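What follows is calculated from the coordinates using simple rules that are stated; it is not laboratory data. The shown structure was predicted, so the numbers you read here are calculated from the model rather than taken from an experiment. No Cβ is skipped: glycine too gets one built from the backbone with ideal geometry, and neighbour counts run over all protein chains shown.
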Amino acid sequence: MTEFRSSFPKDFAWGTATAATQIEGAAFTDGKGLSIWDTFSRSKGRILGGDTADVACDHYHLWADDIKRMQQLGMNAYRFSVAWTRVQPSGRGRAVDRGLEFYDRLIDGLLEAGIAPWVTLYHWDLPQGLEDAGGWTNRDTALRFAEYAHIVAERIGSRAAGIITLNEPWVFTLLGYALGTHAPGKTDLSGAFKAVHHALLAHGLGVAAIREACNAPVGIALSMSSCEPATDSSADERAAAAMDELVNGMFADPIFGRGYPSLLEPFMPAFPLDFEADLKTIAAPIDFLGVNYYFRHVVREPRANAIPEGLSAILRFAGIPVEVVPDAERGHPLTGFGWEVYPQGLHNQIARVHERYKPTALYITENGATYPDILEPDGSIRDLERQRYFELHLEQCARLIDDGVPLRGYFAWSLLDNFEWAEGYSKRFGLYFVDFETQARTLKTSGAWLRDFITQT
Ligand code: IFM
């Protein structure tokens, strides 16, 4: 077995990560309200194949068996999210007890199984009621989030190993409000940067609300990518620095008390007039930083015929010309999403975060890959590429620990194949294969490998 296993300490958190919308199903059960993803998935042409999250993995009913699966994997931790709309159907007002009871059952079941619950409060499923009032572009959403955070923390905080305020804020603000590919599907750049500020404010107010309600460690999960210049030309280096500010610095800098990076200056007119007064709230001390790592960005000064799209279109608006070098041109294997497999990027990014922000503790709160899995006639799924993906990324985690970086846990994305947002069910990330007709789950080869790796002594 792999030699680097011995680098991981005995108390290392080994888990899988999931999100409510992606696995729970039961979209209209026990008083749950409509979320922006319920609405978005009903809007024609938004989700591949017209899929919805109505049933997903039916984890709302199958949670007890899913906990057994985590035990079979040898996991001692589990990261899941609470659906805001189960707790406050419209995003405000009194909490619905039946919704909270689901999370009581889940948490108690995890604790009985010896699995530490890591709770994410917001994994993209904004109540539609709040979106109708402007969603993240409205400052009030940050205040409502703090109220919701208090309700949940008071109820479950004493049983949680950690509470994560928000998951991947750059993804839900920029894809949701600037690029329109995620719910709520808006394409308004200045609204998107308002959303950025309000998401950060929600985080800061949320930290205070959680601390008032319980003693659980508090943090946030940021999606981070190392940003590298294609060459050492100064134009390419400028492009890489700008991309880094957009995907990493825009959230991490203010959270760690450094204010907004200079890239954001052109967007500041979109911020509230007194936004600087919020920076202190946003920089509330946290106990850990979660990093979701999937890929790096390699960028360069745009070629003459380059069409700005996605993140580079946003940067172009800020007056910074950047072109992303297509993943397929970088000479490394690609996942089923076309994402470059670049484990060294995990090391680079975490080492950088450690050096720049010095968080007390770090967790890889997501890491994983999609591939077109095939269920063989003998019932096996031999996903050797995914197995290799985990092995290579864990090797980088081991290197970080050897170097003294306070990396305390690793959560594989994901326990189950699930609803992959705009891609519907077409992209499978699970350690377990899910037959969405029958809800049968089958352990993949990569899952068995991870189990053997974790339980190796
Ligand atoms: O499925 C998503 C998850 O919800 C957030 N991080 C990335 C994953 C894979 O795309």
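Using Cα centres only, tell me the gap between region 210-276 and region 53-93 in whole Å.
Taking the Cα centre of region 53-93 as reference, the centre of region 210-276 is 30 Å away.
Amide H to amide H under 5 Å from Gly409: which residues, 5+ apart in sequence or cross-chain, H placed 1.01 Å off N in plane?
Counting only residues 5 or more places away or on other chains, the set is Ala13, Ile364.
Determine how many Å³ per residue the convex hull of the Cα atoms of the chain encloses.
Convex hull volume per residue, Cα atoms: 139 Å³.
Could you state the per residue volume, in Å³, of the convex hull enclosing the Cα atoms of region 345-457?
122
Across region 231-245, in residue order, what do the Karplus-derived ³J(HN,Hα) couplings come to in whole Hz, using 6.51 cos²θ - 1.76 cosθ + 1.60 with θ = phi - 60° and x for Gly and Pro?
So the Karplus estimates, Gly and Pro as x, are 9, 8, 5, 5, 5, 5, 5, 4, 4, 5, 5, 5, 4, 4, 5 Hz.
What is the diffusion coefficient of region 215-303 in µm²/s, taking the Kirkwood radius over Cα pairs and the Stokes-Einstein relation at 10 °C with a viscosity of 1.306 mPa s?
109
Excluding Thr445 itself, what net charge comes from residues whose Cβ is under 13 Å from its Cβ, given Lys and Arg +1 and Asp and Glu -1?
Counting the neighbours of Thr445, the net charge comes to -2.
With θ set to phi - 60°, apply the Karplus curve 6.51 cos²θ - 1.76 cosθ + 1.60 along region 401-413 and write out the HN-Hα couplings as whole Hz, x wherever there is a Gly or Pro.
Those phi angles translate into 5, 4, 7, x, 6, x, 8, 10, x, 9, 10, 6, 9 Hz.
How much of the DSSP beta bridge set in the chain is antiparallel, as a percent to the nearest 5?
Antiparallel bridges make up about 15 percent of those DSSP assigns within the chain.
For Val325, what charge total do you get from the other residues with a beta carbon under 12 Å from its beta carbon, if Lys and Arg give +1 and Asp and Glu give -1?
Here the charged neighbours net out to -3.
Provide the net charge surrounding Gly31, with neighbours chosen by a C-beta distance below 13 Å and charges set as Lys +1, Arg +1, Asp -1, Glu -1.
Residues near Gly31 contribute +1 overall.
Explain nothing, just compute: Karplus ³J(HN,Hα) = 6.51 cos²θ - 1.76 cosθ + 1.60, θ = phi - 60°, for every residue of region 148-159 in order, whole Hz, x for Gly and Pro.
Computed from phi, the couplings for region 148-159 are 5, 4, 5, 4, 5, 5, 5, 6, 10, x, 6, 9 Hz.
Amide H neighbours of Leu34 under 5 Å, counting only residues 5+ apart in sequence or on other chains, H built in-plane at 1.01 Å?
Here the answer is Gln128, since their amide H atoms fall under 5 Å of that of Leu34.
Order the peptides 179-186, 37-44 from the highest to the lowest mean number of other Cβ atoms within 10 Å of their residues.
In descending order of packing, they fall as 179-186, 37-44.
What number does region 1-99 give for Rg over Rh if you use C-alpha atoms and the Kirkwood radius?
1.10
Amide H neighbours of Val299 under 5 Å, at least 5 residues apart or on other chains, H built in the peptide plane: list them.
Those qualifying (amide H under 5 Å, at least 5 residues apart or on another chain) are Glu228, Ala230, Val325.
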